[in-house]
Amino acid sequence: MSHVNDKVSSLTDLTGDLAGTYPRTASSGAAVDEDVVRTDLAAVERDGYVILPDLLSSAELDAIRADVTPLLDRTGRNNFEGHTTQRVYSVLNKTRTCDVIADHPRVLALLDRLFLPNYLLSMLQVINILPGEQAQLLHTDDSFYPIPRPRAPLGAATIWAIDDFTAENGATDVVPGSHTWDDRVPDESVRREPVVMSAGSCVFFVGTLWHGGGANRSDAPRLALTAQYCEPWLRPQEAFTLSTTRDTVRAVSEDIRRMLGYSIHPPFIGQVDGMHPKRLLEPGAPPV
């Protein structure tokens, strides 16, 4: 990393952005109206989730559906993935049409307030629940980080409706308020509330919220996308710096590039050979 200052007199000097050539970039979430963000955040703090309606246009939905449908060639390998659910991983290498959900400003505005700067993308995935699929086991998305509850969330997720989400076709079930629980585990008496929303909408929830995919009792599939995020000092679920090609990283937005790990968490977490990882994208950089 190229340093702005050539002297470090204390550990306090290492807590800021030390990069000279590639300083921290602003999030596009900064453009979202503060009143809107305040309302969204209040719902998240109260319930653990918020529905953000009608964020994608019909043209964006059509483009996503056209690009991901040919990729739906396999079903899940276990009860958690769903034996009657199709999933697509490594989405960024396969289409650009899904980028719009990974870096949507309305979502980033919430992440900007929940996590430290340079938070990371942890997972980007297509999920298509087919007719006959059973309800998924209720779970929390950041439970694999071994820090006792109750605690602040270490991650957050969005699930985007590409098809309408209904109570019959596998809408995601949530347990409102469960983000504040300690080590309690939901039992059969817990109320699962389906997230009913129109295509183009998304549900945003923190990683401590209990939730799960709903049963699809309809006669049609339910297509969705999910993007998950985590604090910048944690290991993401998907190793994007390994799974995403340099050409893909060059093609995505600055927000996504930063969230893939081409960023530094102060003082130097994420460095490559002592340098900012963006140097790997420069002409003449070593190949992947």
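The values are calculated or read from the model by the stated rules, or taken from the named source; none is laboratory data. Because the structure is a prediction, the values reported are computed rather than measured. Note: ideal-geometry Cβ built from the backbone for every residue, glycine included; neighbour counts use all protein chains shown.
Considering (1) in a strand (DSSP E or B); (2) out of contact with any Leu (no Cβ under 6 Å at 6 or more places or on another chain), the lone condition that residue 160 does not fulfil carries the number (2). Residues that are buried (at least 21 other Cβ atoms within 10 Å of the Cβ) and in contact with an Asp or Glu (Cβ under 7 Å, 6 or more places away or on another chain): does the range 202-209 have at least one? Yes; the residues of the range 202-209 include at least one that is buried (at least 21 other Cβ atoms within 10 Å of the Cβ) and in contact with an Asp or Glu (Cβ under 7 Å, 6 or more places away or on another chain). Looking at residue 75, is it surrounded by 13 or more Cβ atoms within 10 Å (Cβ to Cβ) and either modelled with pLDDT under 95 or in contact with a helix residue (DSSP H, G or I) (Cβ under 6 Å, 6 or more places away or on another chain) (or both)? Yes, satisfied.
Counting only helices (runs of 4 or more DSSP H) that sit completely within the range 202-288, those holding 1 or more residues that are without any contact (Cβ under 8 Å) to a residue 40 or more places away in the chain and farther than 20 Å from residue 27 by Cβ correspond to 240-243, 246-251. Quick check: is even one residue across the range 56-68 touching a Gly at 6+ places or on another chain (Cβ under 6 Å) and either farther than 24 Å from residue 258 by Cα or in the same structural domain as residue 241 (by TED's automatic domain parsing) (or both)? Checked against the condition, which is being touching a Gly at 6+ places or on another chain (Cβ under 6 Å) and either farther than 24 Å from residue 258 by Cα or in the same structural domain as residue 241 (by TED's automatic domain parsing) (or both), the range 56-68 yields at least one hit.
Of the residues making up the range 65-85, those that are touching a strand residue (DSSP E or B) at 6+ places or on another chain (Cβ under 7 Å) and either without any contact (Cβ under 8 Å) to a residue 60 or more places away in the chain or hydrophobic (A, V, I, L, M, F, W, C) (or both) are 68, 71, 72, 74, 75, 76, 81, 83. For the range 163-195, the set of residues classified as within 20 Å of the chain's Cα centre (by Cα), part of a loop (DSSP other than H, G, I, E, B) and either β-branched (Val, Ile, Thr) or over 30 Å from residue 63 (Cα atoms) (or both) consists of 172, 175, 176, 195, listed by residue number. Take the conditions (1) part of a helix (DSSP H, G or I); (2) under 22 Å from residue 30 (Cα atoms); residue 56 misses just one of them, which is (1).
Hey, any hits in the range 135-155 for a residue that's within 24 Å of residue 66 (Cβ to Cβ), in the same structural domain as residue 223 (by TED's automatic domain parsing) and buried (at least 21 other Cβ atoms within 10 Å of the Cβ)? Checking the range 135-155: not a single residue is within 24 Å of residue 66 (Cβ to Cβ), in the same structural domain as residue 223 (by TED's automatic domain parsing) and buried (at least 21 other Cβ atoms within 10 Å of the Cβ).
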